[in-house]
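Report on one structure; see the data block that follows.
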Amino acid sequence: MKWTEDKDKELKKLISDGLRYSIIADIMGTTYKSIMNRAHRLGVKTIYHKKTTCLNCGIEFESTISHNRKFCGSSCSAIFNNKGRVVTEEQKQKVREKLTKPKKEKIIKPKVCRFCGETDITGTKKIICDVCKKQFYKFYKPLCVFDFNIKNYDGKFDLSIVNVYGWYSPKNKGNNLNGVSKDHMYSVRDGFINKIDPEIIKHPANCQLMLHNENNRKNYTSSITIDVLIERIKNW
């Protein structure tokens, strides 16, 4: 739409009447953004408020022009609209019952450690107890870290994925976040829960090469059973 002197006058008139930009846009057949930009260029500000007297309490308050409010608040609106309304004894009794009805007690179920399955946990975000947390992260998990050299097991691992993506390294040590990492097929967590010797968990037969981001998504999920792992170790 091309702005003319007549259209500018019309815009100023509509704004002075307290209409919002969206309504003016519909009236003038253009977009909200066009109205907003033109009003800004003309230096015209919208008038949104007017003084109104509440029909119930008589207090004067400011109201948005387009809303055309008649009451200063919801309580005055309810009082005014309920005048003359007959409330039956049955309705009153229902209200009394609702107000006096005892609230149901919220049952808080004790949280159980996901590792040992016995100890109650305090704290909203905790999923394992403090004892298991210490035993797992400080002692067991470090003992399960793969410490073998893949080059010593020629033919056991498909290194083609490494040739394409390279080995994973964090930002402070090479910054190859899309690289390859060693994954425990039978997870460290399952090994801890089932009290499996760390030497079994970190055996090369329990290792597979995969992209580090896929390894993260797998998290602590095992992709093989302990029986399969034992058989793999026997055949290694």
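Each reported figure results from applying straightforward, stated rules to the coordinates on display, with no laboratory input. Being a predicted model, the structure only gives us computed values, none of them experimental. Counting neighbours? That spans all protein chains shown, and the Cβs are built from the backbone with ideal geometry, glycine included.
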Residues of segment 161-184 with the amide nitrogen closer than 11 Å to a label point 7 Å from the Cα of Ser223, along Cα-to-Cβ, please. 181-184
How much mean residue ellipticity at 222 nm does the chain get from its helices, if each DSSP H run of length 4 or more adds -39500 (n - 2.57) and you divide by all residues, to the nearest 500 deg cm²/dmol? -10500 deg cm²/dmol
Which residue, Phe146, Phe157, Phe80, has the most motion in a Gaussian network model of the chain that connects Cα atoms within less than 10 Å? Phe80
Can you give the extra length, in nm with one decimal, that the chain gains between Lys98 and Asn216 once fully stretched, where that is 0.36 nm per residue apart less the Cα-Cα distance? 37.4 nm
Between Asn172 and His40, with labels modelled 7 Å along Cα→Cβ, what's the label distance in nm to one decimal, could you check? 4.5
Can you give the three extents of the C-alpha atoms in the chain along their principal axes, from longest to shortest, in whole Å? 89, 66, 27
Compare Thr221, Thr30, Thr88 in a GNM of the chain, Cα atoms joined below 10 Å, and give the one with the largest fluctuation. Thr30
Estimated FRET transfer efficiency when R0 is 45 angstrom, pair Glu10-Ser75 (beta carbons, to 0.05): 0.65
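Can you sort Lys98, Lys125, Lys7 by how many other beta carbons sit within 10 Å, fewest first?
Result, fewest neighbours first: Lys125, Lys98, Lys7.
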Pair Asn235, Lys156: separation of 7 Å Cα→Cβ label points (nm): 1.5
